[in-house]
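Taking it in order: structure first as structure tokens, then the write-up.
Please treat every number below as a calculation from the coordinates, not as lab data. Nothing here was measured: the structure is a model prediction, and the numbers come from that model. No Cβ is skipped: glycine too gets one built from the backbone with ideal geometry, and neighbour counts run over all protein chains shown.
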Amino acid sequence: MKLTYNSNYPAIEDLRDKAKKKIPKFAFEYLDGGCNEDVNLDKNTREIRDVELIPQYLSKHYRSDMSTELFGHVYDAPFGIAPVGLQGLLWPKAPEILAKAAHEHNVPFILSTVTTMDIERASELTEGKAWFQLYHPAEDRMRDDVIHRAAAAECPVLVLLADVPTFGFRPRDIRNGLAMPPRMTFNNMVQIMSRPEWALRTLFHGQPEFKTLKPYMPKGLDMKQLGHYMNQTFSGRLNEEKIAPIRDMWKGKIVLKGVASEEDAEKAIKLGLDGIIVSNHGGRQLDAGQSAINPLKTIAESYKDKIKVMMDSGVRSGPDIARTLASGADFAFLGRTFMYSVAALGAQGGDHAIALLKTQLQQVMEQICCEEVSDFSSFLANSKKPN
């Protein structure tokens with residue numbers, strides 16, 4: 001399809017700036033912030049950008065093809081939309097906008113358990129191609145029912161979230177009342193009044209809800225009760241005993257998201273999983289951890305021939321995708337970039353972000369003389385050492 005994007009926003013930072021002006025401060029800070037002192041948040045993108053590529057200007061070059069096979073499907077580009085919680089808080093109908101755009105552009109869309117669109121709607125919008133990320137429920141009965149719903153919706157890939165054994169300590173969200181339990185403050189109300197378009201659209205579409213979880217939630221929960229419910233419902237720490245029955249139950253592909261060590265990559269292989277996403281949850285969980293790109297390099301080198309290795313966290317632009325692929329990833333996922341775009345441009349945000357990223361990535365491939373996505377590692381220079 002023809003790639004067209006809004007030329008007023010040719011950079012991801014343009015989208016971020018526009019999003020900051022269009023949505024309430026508490027919503028923007030929920031999207032934009034990390035945990036604790038934001039050390040890992042800042043390190044993620046910075047260390048990706050320490051990766052350098054070597055162009056080959058005098059080599060013969062016939063074409064640059066972004067298409068990438070992953071789990072039996074050929075996607076038009078080697079990147080997809082990462083799962084993000086509470087997307088409808090950031091912009092009304094955000095997950096619907098992104099799911100539609102992903103389907104039209106033939107890139108994967110991952111639905112989070114805790115976002116504001118349910119599994120069935122995601123499947124409808126993507127014709128059964130949406131991936132589903134599972135926050136592991138504490139009760140087996142709920143786990144089984146959610147998995148059966150994802151199977152009935154023909155989700156081809158089940159993503160198991162591993163890196164939220166506890167909710168991250170996020171000072172902005174605590175100040176803004178978006179921690180557990182959530183609360184609405186006077187400052188939040190003032191911020192809403194200062195963003196009339198967001199307020200009116202939210203009023204029209206209704207208060208954001210955890211749509212996938214709605215059948216399991218008691219009716220009429222107040223904010224404090226909702227926080228208690230979420231804490232009681234999910235058992236975030238995965239282990240081999242919890243994953244094994246899911247592997248037996250799920251007939252499609254299974255990916256483990258949140259891998260940050262060779263030990264966990266080995267366990268995923270032993271459990272018969274099909275892929276891993278090297279990730280630190282966008283710098284929102286462990287501020288004292290590594291950036292995502294650092295373990296990716298060693299994990300890909302050791303295990304890429306045994307399991308599909310993907311990455312998210314810190315990937316913002318087309319050149320970032322290229323750096324990630326050159327460092328060993330088979331595929332990259334982006335979260336904040338897509339949410340900045342939807343918050344900035346509304347219904348056009350999904351198409352804009354995907355077209356922009358494809359255009360940027362195509363330019364990098366042609367610049368360095370890379371013909372296939374699998375060739376990126378051939379153009380990798382020695383990475384700079386982290387500071």
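Summary table
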item	result
Three-way shape call for the stretch 4-43 based on the alpha-carbon gyration tensor, with the a/c threshold at 1.5	oblate
Neighbour-count ranking [beta-carbon atoms within 10 angstrom, fewest first] of Ser279, Ser291	Ser291, Ser279
5 angstrom amide H check on Lys253, placed H, neighbours 5+ away	Leu158
For Cys369, residues with placed amide H under 5 Å, excluding near neighbours	Gln56
Pairwise centroid distance, computed over Cα atoms, of the stretch 83-153 with the stretch 304-337, Å	21 Å
Contact order relative to length of the stretch 181-328, as percent, for alpha carbon pairs under 8 angstrom and 6 or more apart	17 percent
Highest-MSF residue in the chain out of Thr185, Thr68, Thr113 [GNM, Cα springs under 10 Å]	Thr185
Most fluctuating residue given options Phe331, Phe71, Phe28, as computed from a GNM of the chain linking Cα atoms under 10 Å	Phe71
Of Lys211/Lys308; Lys60/Lys257; Lys93/Lys214, those spanning more than 28 Å from alpha-carbon to alpha-carbon	Lys211/Lys308; Lys60/Lys257
Rg/Rg_globular for the stretch 63-170, with Rg_globular taken as 2.2 N^0.38 Å and Rg from C-alpha atoms	1.11
Neighbour-count ranking [beta-carbon atoms within 10 angstrom, fewest first] of Tyr75, Tyr62	Tyr62, Tyr75
Three-way shape label, the stretch 238-298, alpha-carbon gyration tensor, a/c 1.5	prolate
Values of log10 I(q)/I(0), in the order q = 0.06, 0.08 Å⁻¹, for the chain under a Debye, Cα-only, solvent-free model	-0.21, -0.38
Cα convex hull of the stretch 263-387 - mean projected area over all directions, nm²	9.1 nm²
Charge dipole (debye, nearest 20) of the stretch 118-179; +1 at Cβ of Lys and Arg, -1 at Cβ of Asp and Glu	400 debye
Residue of Phe338, Phe26, Phe186 that the Gaussian network model of the chain assigns the largest fluctuation, springs spanning Cα pairs under 10 Å	Phe186
Ellipsoid equivalent to the stretch 4-132 - semi-axes via the Cα gyration tensor, in Å	28, 24, 15
Fraction of alpha-carbon pairs over 17 Å apart in the stretch 192-300 - percent	70 percent
Taking Trp131, Trp250 and counting other C-beta atoms within 10 Å, the order from fewest to most	Trp250, Trp131
Difference of contour (0.36 nm per residue) and Cα-Cα distance, Glu37 to Ser59	3.3 nm
For q = 0.28 Å⁻¹, Debye-computed log10 I/I(0) when each Cα of the stretch 28-82 counts as one equal scatterer	-1.08
